[in-house]
Amino acid sequence: MGSKASSNRPQANPPAPWAHFSPEGRKQLLAELGAKARRGDPKAAADLDRLLAAYPDLCEVAGTTRTRVEREWADAIGAGDPVAAAAARADAARTRAELSWDGMDGPARLLVDHAVAAHLALTHAELLAAREPSSTVTAVTRFARCQAAFQAAFKGCTRYRATMARVKRAPACPRGDQGGSGRPAAGRTRRAASPRPRGSTAR
């Protein structure tokens, strides 16, 4: 009986993989698994997925999609000049700080990420347009598309921020019943309909 009862008990969640590793140890493990995966080791690639799923903070070390996109745009803007690339990264950080606000949720962060990437793309298009003849159709078209994309992304951020601010300021709507059950709220009584006298012809 005792063994049967114990088998019916819910099992505790297994410890997270590599839980005994220190934060620095997990970073080193990430680098080692990455090197093995690049050499074509399928087990290392699977372990990479498990490691990043168990410790999402390592994504910042590995480079999230956001950081990789911004790094690529900054390098393109720098065109081989590390100082110019660093200035582009600093510009991206300032843009993110200007567009961000306290209490941002997931959709808001995605909108800001998109706006920052669009800002870097527009900067790159401006540089290409400055280097190429102004009559070049490709440069003009590229700049116009990047400008439209940035304007749309910027408007999306500001509109979402304004919407969230209105939602937070809106008062909660009082409810007259408990959970929609049809029962009157506490302290209220339902008035009975007045009986109609017999023989009344009123309708």
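The values are calculated or read from the model by the stated rules, or taken from the named source; none is laboratory data. Since this is a predicted model, take the numbers as computed values, not measurements. Every residue, glycine as well, gets a Cβ built from its backbone with ideal geometry; the counts of neighbours run over all protein chains shown.
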Mind checking whether some residue in region 66-86 is of a type in the set (Phe, Trp, Tyr), in the same structural domain as PHE154 (by TED's automatic domain parsing) and at pLDDT 90 or above? yes
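Being of a type in the set (Val, Ile, Thr), out of contact with any strand residue (DSSP E or B) (no Cβ under 7 Å at 6 or more places or on another chain) and over 18 Å from VAL69 (Cβ atoms) is true for just one of VAL112, VAL137. Which residue is that?
Numbers: VAL112 fails: over 18 Å from VAL69 (Cβ atoms).
Result of the check over VAL112, VAL137: VAL137.
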Considering only residues that are assigned to a helix (DSSP H, G or I) and under 9 Å from the mean Cα position of the chain (by Cα), look in region 102-116 and name the one that is surrounded by the fewest Cβ atoms within 10 Å (Cβ to Cβ). GLY106
Residues of region 89-109 satisfying the condition of being within 15 Å of ARG66 (Cβ to Cβ) and without any contact (Cβ under 8 Å) to a residue 12 or more places away in the chain: ALA93, ALA97, MET104, GLY106, ARG109
List, please: which pairs have Cβ atoms under 7 Å, are six or more places apart or on different chains, and start with a residue in region 143-168 that is farther than 19 Å from ARG96 by Cα and end with one that is of a type in the set (D, E, K, R)? PHE143/GLU126
Of the conditions (1) among the basic types (Lys, Arg); (2) surrounded by 18 or more Cβ atoms within 10 Å (Cβ to Cβ); (3) under 18 Å from the mean Cα position of the chain (by Cα), the single one that ARG142 does not satisfy is (3)
Can you tell me which of (1) part of a helix (DSSP H, G or I); (2) over 28 Å from THR163 (Cα atoms) is the one HIS119 doesn't meet? (2)
For the structure I just gave you, tell me whether VAL83 is of a type in the set (Val, Ile, Thr), part of a helix (DSSP H, G or I), under 30 Å from TRP18 (Cα atoms) and out of contact with any Cys (no Cβ under 8 Å at 6 or more places or on another chain). no
